[in-house]
Amino acid sequence: MNLVKDPWIPVVMQDGTPELVSLRDVFAKGEEIADLAANPCQRIALMRLLICIAQAALDGPKDEDDWRTCKPRIAPAALAYLDRWKDRFNLFGEHAFLQVDGLQYPDDSFADKPLRTLDATSANGGTGLSMLWDHAADADVRFTAIHEIPLYALCYVNFSCSGKVGKAQWREVLFNGSTAVAPSHNYLHTYLIGKTLCDTIYNNLCSKDVVSTSVVLGESDKWGCPIWERMPTSPDDTEALCNASQTYLGRLVPLSRLI
């Protein structure tokens, strides 16, 4: 499955019809899509991804004046960008989306872990409540379709609480505890919703001059690049880890867990 060309994002069209679309569809048909059809966790995770793609494609906007005029450039720039990086949006295989290469679990402690544990709505404690994240999710309940996996994985990295995850080996380094790269923060997310999904993405772009004044980010290149452009290859990949933890674009789709 490739997230650029295969449908997986739940939306509602202008005529009220629900539909699944690909990343390419979001930008190619953005004026035809009214909104995301997603719960709050999914909306936050999807908006951060779409904003990240748009801003990386534009390499901006540079300032408020550029933002006011950039809307017509978003779709063509994003489509060209997705074509250039589409191989990094495969769900499986080498350089798979949101996944690091060379990660192993030597003691097979996660060998039988069901994918359903990625789903925040899969609580299994008799309470009927959704939990972030319920690691006791029912192993007998499986995903009904492959398109669910990238959405749940995206939510997982956006809302992971970090902490210990047991033993994991990444390349030659054995971790016995947390494999989190970026720290977790309790951010309040507010999005300005437009008449179309294209409007919504545009309304929520952040200009480079605003990012450059951020006190949250480090003193290096605060703009950075998305993690799929510079996914860490090992625990010693200092430059990529710095991008993932200390830059705006690197943190929009966070590397809070190694998957």
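Which distance in nm do the two modelled labels at Asp83 and Lys5 give, with both placed 7 Å along the Cα-to-Cβ direction?
About 1.3 nm separates the two model spin labels.
Could you calculate the contour length gain from Leu115 to Glu94, that is, 0.36 nm times the residue separation minus the distance between their Cα atoms, to one decimal place in nm?
5.6 nm
Using r as the Cβ-Cβ distance of His189 and Ser234, and R0 as 35 Å, what FRET efficiency do you calculate, to the nearest 0.05?
Using R0 = 35 Å, I get an efficiency of 0.65.
R0 = 25 Å: FRET efficiency of Ser214 with Phe159, Cβ-based, nearest 0.05?
The pair Ser214/Phe159 has a calculated efficiency of 0.70.
What is the gain in length, in nm to one decimal, between Val173 and Asp65 on full extension, counting 0.36 nm per residue of separation less the C-alpha to C-alpha distance?
Gain on stretching Val173 to Asp65: 34.2 nm.
How much net charge surrounds Asp236 when only other residues with a Cβ under 11 Å from its Cβ are counted (Lys, Arg +1; Asp, Glu -1)?
Neighbourhood net charge equals -2.
No value in this document is a laboratory result; all are computed from the given coordinates. Just so it is clear, the structure is predicted and the values come from calculations on it, not from any experiment. Virtual Cβ from ideal backbone geometry, glycine too; neighbours counted across all protein chains shown.
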